Amino acid sequence: MTPAAVPHRQRRHYQPVVLIDTGEIVGSEALIRWRHPTRGLVMPAEFIRMAEETGQIVELGRWVLDRACTQWRAWADQGHASHRLSVNVSARQLQEAGFADEVRSVLLRHDMTPAALVLELTESIFALDRPKILDQLTAIRDLGVRLAVDDFGTGYSSLSYLQQFPIDEVKVDKSFVDGLGSGNADDGALANAIVSMAHSLRLEVVAEGIERVAQRDELWSMGCGLGQGYLYSRPVPPEELLRLLTLAKPLGNPSTTGNPSTTSGGARVSRLQTPAPIVRLHQASVDASTHPKSATPPRAADSTSK
Ligand code: C2E
Ligand code: MG
Ligand code: MG
């Protein structure tokens with residue numbers, strides 16, 4: 001039996017997305033797991049491809065989006081309404097004519113602030129029927145929902161889509177982060193180029209797969225404002241994510257290189273002593289449906305006063 005056929009066996013874990021300079025959690029990414037009757041938790045690498053091939057990803061994705069937004073509502077009711085929730089969306093889901101309507105319904109159903117939802121797309125969608133995908137993404141973007149390109153730099157070869165489609169953020173793939181912090185400038189060249197390009201296009205940048213302090217520090221010095229990775233936290237069950245939010249304790253131990261001085265949201269935080277990058281954290285408010293490319297980005301130091 002496929003995982004899509006047994007949705008009650010699905011679990012979502014949530015991995016924090018943090019401000020790199022302070023370690024504050026600003027959002028999280030929903031990551032699906034399959035609770036197998038005998039094998040325990042099965043990771044998505046083992047079943048997402050099959051679900052895509054059979055088309056069951058459409059039903060599975062619908063269910064993940066609904067359950068993740070249910071979770072967001074629970075966090076919002078506990079004082080975390082500015083938390084940004086990222087959900088992975090498969091190309092197959094985007095090809096469904098009614099997908100934008102489904103997103104609208106889920107927002108209404110859970111009374112969710114549109115700008116608090118980030119849909120993560122893979123570059124493969126940009127090789128699909130351009131007018132259809134553009135219509136779909138524009139309709140979603142018009143709701144005020146944010147769009148991110150996941151695993152950026154690993155897929156489609158033309159970058160012009162970054163200007164042609166209403167994209168808000170790019171997620172630098174872990175493969176570009178792996179070599180950072182080695183002391184060899186060549187290892188960071190691609191990550192640096194991606195961060196610079198994203199900034200010149202006024203896109204927000206999130207680095208994926210940060211595992212070491214040296215990687216974090218190099219990303220910060222490049223101007224990358226947001227990060228995700230085991231250095232901060234592995235994906236955790238929703239109760240644990242709520243605990244982390246409630247503690248409001250910085251993740252990733254920024255004080256190892258930082259300047260412990262700032263108070264934010266009641267928690268004492270530290271800042272890395274390197275140049276402040278552009279971070280365009282959008283307030284989770286209804287007026288955020290304005291296209292961000294027309295907005296002037298605040299600097300990182302301002303973005304923590306959420
Ligand atoms: P992704 O969206 O790029 O998610 C990031 C993956 O990297 C997650 O793996 C996460 O656990 C892992 N990761 C995060 N930080 C680190 C780190 O510091 N080191 C290492 N080694 N790994 C790290 P996961 O949960 O196994 O998910 C794998 C992929 O499966 C996801 O990659 C995404 O493409 C797909 N996926 C997960 N959930 C869904 C879903 O609900 N829908 C769809 N369509 N795809 C999903
Ligand atoms: Mg993702
Ligand atoms: Mg990724």
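Some values worked out for this structure:
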{"quantity": "Residue ranges of helices (runs of 4 or more DSSP H) in region 35-134 with at least 3 members modelled with pLDDT of 95 or more and among the hydrophobic types (A, V, I, L, M, F, W, C)", "calculated": "57-77, 99-109"}
{"quantity": "Test for residue 22: is it in a loop (DSSP other than H, G, I, E, B), more than 14 Å from ligand 1 (Cβ to nearest atom), at pLDDT below 95 and within 25 Å of residue 206 (Cβ to Cβ)", "calculated": "yes"}
{"quantity": "Some residue of region 134-143 being within 16 Å of ligand 3 (Cβ to nearest atom), of a type in the set (Lys, Arg) and either crowded, with 18+ Cβ neighbours inside 10 Å or in contact (Cβ under 8 Å) with a residue 40 or more places away in the chain (or both)", "calculated": "no"}
{"quantity": "In region 217-239, residue surrounded by the fewest Cβ atoms within 10 Å (Cβ to Cβ) [restricted to those that are more than 13 Å from residue 17 (Cα to Cα) and either aromatic (Phe, Trp, Tyr) or touching a strand residue (DSSP E or B) at 6+ places or on another chain (Cβ under 7 Å) (or both)]", "calculated": "237"}
{"quantity": "Wholly enclosed helices (runs of 4 or more DSSP H) of region 166-243 bearing at least 2 residues of a type in the set (Val, Ile, Thr)", "calculated": "189-200"}
{"quantity": "Whichever residue in region 147-167 is of a type outside the set (A, V, I, L, M, F, W, C) and within 16 Å of ligand 1 (Cβ to nearest atom) and, among such residues, is nearest to the chain's Cα centre (by Cα)", "calculated": "150"}
{"quantity": "Complete set of residues in region 108-147 that are acidic (Asp, Glu), in contact with an Asp or Glu (Cβ under 8 Å, 6 or more places away or on another chain) and either more than 16 Å from ligand 2 (Cβ to nearest atom) or over 19 Å from residue 67 (Cα atoms) (or both)", "calculated": "123"}
{"quantity": "Test result for residue 185, more than 15 Å from ligand 1 (Cβ to nearest atom) and under 21 Å from residue 210 (Cα atoms)", "calculated": "yes"}
{"quantity": "Extreme residue, farthest from ligand 2 (Cβ to nearest atom), among residues of region 148-166 that are under 16 Å from residue 207 (Cα atoms) and crowded, with 16+ Cβ neighbours inside 10 Å", "calculated": "153"}
{"quantity": "Residue match in region 174-191 (condition: in contact (Cβ under 8 Å) with a residue 40 or more places away in the chain, within 16 Å of ligand 3 (Cβ to nearest atom) and either crowded, with 16+ Cβ neighbours inside 10 Å or not aliphatic (A, V, I, L, M) (or both))", "calculated": "yes"}
{"quantity": "For residue 113: the one exception among (1) over 18 Å from residue 83 (Cα atoms); (2) in contact (Cβ under 8 Å) with a residue 40 or more places away in the chain", "calculated": "(1)"}
{"quantity": "Test: residue in region 12-23 that is surrounded by 23 or more Cβ atoms within 10 Å (Cβ to Cβ) and of a type in the set (S, T, N, Q)", "calculated": "yes"}
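Yes/no per residue for (1) away from ligand 3 (no atom under 16 Å from the Cβ); (2) without any contact (Cβ under 8 Å) to a residue 24 or more places away in the chain; (3) more than 27 Å from residue 207 (Cα to Cα); (4) in contact with a helix residue (DSSP H, G or I) (Cβ under 9 Å, 6 or more places away or on another chain):
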residue: 39; (1), (2), (3), (4): yes, yes, yes, no
residue: 43; (1), (2), (3), (4): no, yes, no, no
residue: 60; (1), (2), (3), (4): yes, no, no, yes
residue: 66; (1), (2), (3), (4): yes, no, no, yes
residue: 72; (1), (2), (3), (4): yes, no, no, yes
residue: 77; (1), (2), (3), (4): yes, yes, yes, no
residue: 122; (1), (2), (3), (4): no, no, no, yes
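The values are calculated or read from the model by the stated rules, or taken from the named source; none is laboratory data. Keep in mind the model is a prediction, meaning the values are calculated, not measured. Ideal geometry is used to build each Cβ from the backbone, glycine not excepted, and the neighbour counts take in all protein chains shown.
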